[in-house]
Every structure is written in C-alpha cells, then in structure tokens.
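The values are calculated or read from the model by the stated rules, or taken from the named source; none is laboratory data. Keep in mind that what you see is a predicted model, and the values were worked out from it rather than measured. As a convention, Cβ positions derive from the backbone with ideal geometry for all residues, glycine included, and neighbour counts pool all protein chains shown. Accessible surface is based on the protein model in full, side chains and every heavy atom, while ligands, DNA and RNA are left aside. Shrake-Rupley method; radii C 1.70, N 1.55, O 1.52, S 1.80 Å.
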Amino acid sequence: MTNLNTDLILHPIRMRIIQHLSKGAATVNELKEWMADVPQATLYRHLNRLTKSEIIYVIHERKIRGAVEKTYAMQEDNPYMSVEEPGQLTGEEHLKLFMTFLSSVTGQARSYLLNHPDPAGDSFGYNQLDLYLTPDELKELNEGMNELLTKFKSNRPSKENDKISLIQMLIPDPKGSDNK
C-alpha cells in the first residue's frame, strides 16, 4: 500500500464507502441509503477521489432520464490492501489505521446514542471477551465466524431489515507480556 492510498482510505467517509463496497457493487443511490448522513455532493466528491486513485472502479453505467447512473465496486484482483501488505506496515501505520477505524465506529455510536436510542429494544451493546486460544483454535474461530457471517453480508437495505454494524477486533497481548 502506498502512502497515498493509506492517506486516501484514512478519511472516515472514504473508509465507509470502501467498507460498503467490500460487500458488493453499489450505485450512488444504494450508497446514499447506507450513508444517509452524508450529503450527496460530499459522497460524489469522495467517490471521485477513490475512483481516480483506482481504489474503486466504475463497473457499469446506464442512462436514466438524461443522467448517467454509475455502479461502483472494489476489484477483487486489485484490492486497496493486499493480503501481504498488513505485514509490511509499521506499528505506527497500523495504529493510524486503527484510530481512524475507531473514530468511524465512535461516530456511528454517537449518531445512535444522541438520536433517541432504545438500547433495551434495539440490538445495541458492547463488551470485551478475553479468549485464550491455541493457533489452531484461533483459525477455527476465524473460519467459523466467516462461515456464519457470509450468508448475511450480501444483504441489501430494505424495509424488512435493519442495519446492524458488527465490529470485530482481535487484539493479542503484546509480545513479552506476562499473561500466563
């Protein structure tokens, strides 16, 4: 990952666009449904930056009443971060990405909590569960979670479903810590 791409994806709105497109292709109207709090002009500006940087691509265009509707997608064979690249980032670069991620999550929680929340009736909650796993158990956990979530992650917004953000983080103890 180049520093240019890192800086581009670190913007909270662009990060949200990438997160949505990682689930599948979408038009601006579909993205707007997912990101109702983002003005349309702002959404277009960020889509243009991501497209020009080849982080996302226009995969389809169709004319609708004189306007062109574009469908945007991530390219699986050209992801914004390859499988190898996380291992090449420094701890400081990971921390910067992580802090941006947390900022985005905090914004989502703030939006919910300051707009007439119903924690008893909604599925809002947070916790921390410490697990002690062997490398094989961790692999089994990851594979099981991926299998479970795969059947739901392609769902699109509709009147029948509600958006729920599942935030998953795995944070190992620092090397050399006394955890035994």
- Answer residue from segment 18-48, given it is in a helix (DSSP H, G or I) and touching a strand residue (DSSP E or B) at 6+ places or on another chain (Cβ under 8 Å) and is surrounded by the fewest Cβ atoms within 10 Å (Cβ to Cβ) among those: 29
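Go through segment 99-122 residue by residue and tally those that are of a type in the set (Ser, Thr, Tyr), out of contact with any His (no Cβ under 9 Å at 6 or more places or on another chain) and touching a residue at least 12 places away in the same chain (Cβ under 8 Å).
The qualifying residues number 4.
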- Item | Number of the exception - residue 136 against (1) of a type outside the set (Lys, Arg); (2) over 24 Å from residue 22 (Cα atoms); (3) outside any loop (DSSP other than H, G, I, E, B); (4) open to solvent by less than 90 Å² (accessible area, probe 1.4 Å) | (4)
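Identify all residues within segment 107-133 that are within 17 Å of residue 171 (Cβ to Cβ) and either assigned to a helix (DSSP H, G or I) or acidic (Asp, Glu) (or both); write none if there are none.
As a first pass, look at segment 107-133 and keep what is within 17 Å of residue 171 (Cβ to Cβ): 126-133.
Within segment 107-133, 130 is the sole residue that qualifies.
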- Task: Check whether at least one residue in segment 139-148 is closer than 26 Å to residue 36 by Cβ, basic (Lys, Arg) and surrounded by 10 or more Cβ atoms within 10 Å (Cβ to Cβ), and report yes or no.
- Result: no
- If we scan segment 50-59, do we find a residue that is surrounded by fewer than 16 Cβ atoms within 10 Å (Cβ to Cβ) and within 20 Å of residue 162 (Cα to Cα)? no
- Query: Could you list, in sequence order, the residues of segment 62-83 that are farther than 18 Å from residue 17 by Cβ and either assigned to a strand (DSSP E or B) or at pLDDT below 65 (or both)?
  - Reply: 62, 63, 64, 67, 68, 77, 82, 83
